[in-house]
Amino acid sequence: MSGLTREGGTPADQATGDHLLAVTDLSFAYGDSQPVLTGVTLRLRGGQVLGVLGRNGAGKSTLINAILDIVPGRRAGEVVLGQEGTGGDTRRHVGVAGQRISLYKKLTVAENLTHAARLVLPRGRVAAATERAIEDFGLAKVARTPVHRLSGGWERLSHIAASFVHAPRLRFLDEPTSALDFETRTRLVALMARWRQDGDAMIVTSHYPEDIEETCTHVAVVSGGTVVGVGPLRDLLGGYHSELLMRVGGEDGPLTLRAPAPGTVGQAAETLARWAREGHAASAVESVRLTSRNLREIISLDPELRGSVGEND
Ligand SMILES: Nc1ncnc2c1ncn2[C@@H]1O[C@H](COP(=O)(O)OP(=O)(O)OP(=O)(O)O)[C@@H](O)[C@H]1O
């Protein structure tokens, strides 16, 4: 597969050991059953966002739960959470927005945020953290609404806000965009970009390559009980060439001219001008097209990655 390695992380990551998350040879099994995951090795430093793709039941949620050791089962391997200057209480620097909503239904959104903040923050910082979460997540209009009266999207957004009310440096998001409408998804994507720029690290699971492409710096594919590939998103996208294509008619039949995708309009114009100088007259041009591959197309082209997303995902 292009651009991904089986070892995990970038070579530079492996050289230092200064990470917010270091997972080495992690295996996990529920009860006495066969392991759901084996041999998972990952490294994440601040500013890195790892997107985990995989079919239903591939083990994406289990990967998060096993890293955090929050489900009963047989777990082997090594997990180091929260190095890189976080110091002190590791759990204070970790936040998990799980797939299942964990809010008190009878409490309002603001009360849930306050409750979540009290669990991790000193008393003096609870009110400010609550207000900040309401502001950041755009929850003002539902802040006084009991959770049982929220729509699915507002409930999911409130759940994520409560999970991260303590502004952790290492954030886990299990299918965060499910049930979100366009506006709330856009808000979450923008927030994730801000957290990344602030130097937080994240693991994000999704069925949607578009989510991963928009929010992540790295991609891991879970398939067949392990992580089959992990590496920088740009390597994966760059491994499949985009091209400038020009189709021209001619006496000997149509001809397609190809050049690597230009980075700017000026470069595109230069290529077209060169082709014109080489005798491909503008009058004979039938079409000019810029091909670019997105993550969904790349996955569908790669036999090993193809299994990671469903046909209709
Ligand atoms: N608590 C549990 N006890 C036993 N088996 C479980 C448990 N939770 C998950 N599994 C099994 O582990 C496997 C991986 O499940 P997991 O929920 O991690 O997959 P996933 O990739 O997150 O799926 P989805 O995309 O549907 O959320 C599945 O076969 C599932 O049935």
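The values are calculated or read from the model by the stated rules, or taken from the named source; none is laboratory data. Everything numeric here is computed off the predicted structure, so don't read it as measured data. Because the Cβ atoms are built from the backbone with ideal geometry, glycine has one as well, and the counts that use them run over all protein chains shown. What goes into the accessible areas is simple: the full protein's heavy atoms, side chains included, and nothing from ligands, DNA or RNA. Shrake-Rupley method; radii C 1.70, N 1.55, O 1.52, S 1.80 Å.
A few remarks follow.
- Complete set of residues in the range 219-243 that are open to solvent by less than 10 Å² (accessible area, probe 1.4 Å) and modelled with pLDDT of 80 or more: 219, 220, 221, 222
Quick grid of which residues meet (1) modelled with pLDDT under 95; (2) assigned to a loop (DSSP other than H, G, I, E, B); (3) open to solvent by 30 Å² or more (accessible area, probe 1.4 Å):
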| residue | (1), (2), (3) |
| --- | --- |
| 103 | no, yes, no |
| 110 | no, no, no |
| 115 | no, no, yes |
| 148 | no, no, yes |
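- When residues of the range 118-142 are limited to those that are of a type in the set (A, V, I, L, M, F, W, C) and farther than 16 Å from residue 163 by Cβ, the one least open to solvent (accessible area, probe 1.4 Å): 142
- Residues of the range 24-69 that turn out to be near the ligand (Cβ under 9 Å from one of its atoms), within 16 Å of the chain's Cα centre (by Cα) and surrounded by fewer than 18 Cβ atoms within 10 Å (Cβ to Cβ), as a count: 1
Per-residue answers, yes or no, for (1) in contact with a helix residue (DSSP H, G or I) (Cβ under 7 Å, 6 or more places away or on another chain); (2) in a loop (DSSP other than H, G, I, E, B); (3) not assigned by TED's automatic domain parsing to the domain that holds residue 194:
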site: 27; (1), (2), (3): no, no, no
site: 31; (1), (2), (3): no, yes, no
site: 51; (1), (2), (3): yes, no, no
site: 56; (1), (2), (3): no, yes, no
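- Scope the range 166-187; condition in contact with a Ser or Thr (Cβ under 8 Å, 6 or more places away or on another chain), away from the ligand (no atom under 16 Å from the Cβ) and part of a loop (DSSP other than H, G, I, E, B); matching residues: 169
- Taking the numbered list (1) open to solvent by 20 Å² or more (accessible area, probe 1.4 Å); (2) without any contact (Cβ under 8 Å) to a residue 40 or more places away in the chain; (3) closer than 24 Å to residue 59 by Cα in turn, residue 210 passes all entries but (2).
- Qualifying strands (runs of 3 or more DSSP E) (wholly inside the range 188-261; at least 1 residues being in the same structural domain as residue 26 (by TED's automatic domain parsing) and within 16 Å of the ligand (Cβ to nearest atom)): 201-206, 218-223, 226-232
- Boolean, residue 96 is surrounded by 15 or more Cβ atoms within 10 Å (Cβ to Cβ), of a type in the set (A, V, I, L, M, F, W, C), within 16 Å of the ligand (Cβ to nearest atom) and not in a helix (DSSP H, G or I): yes
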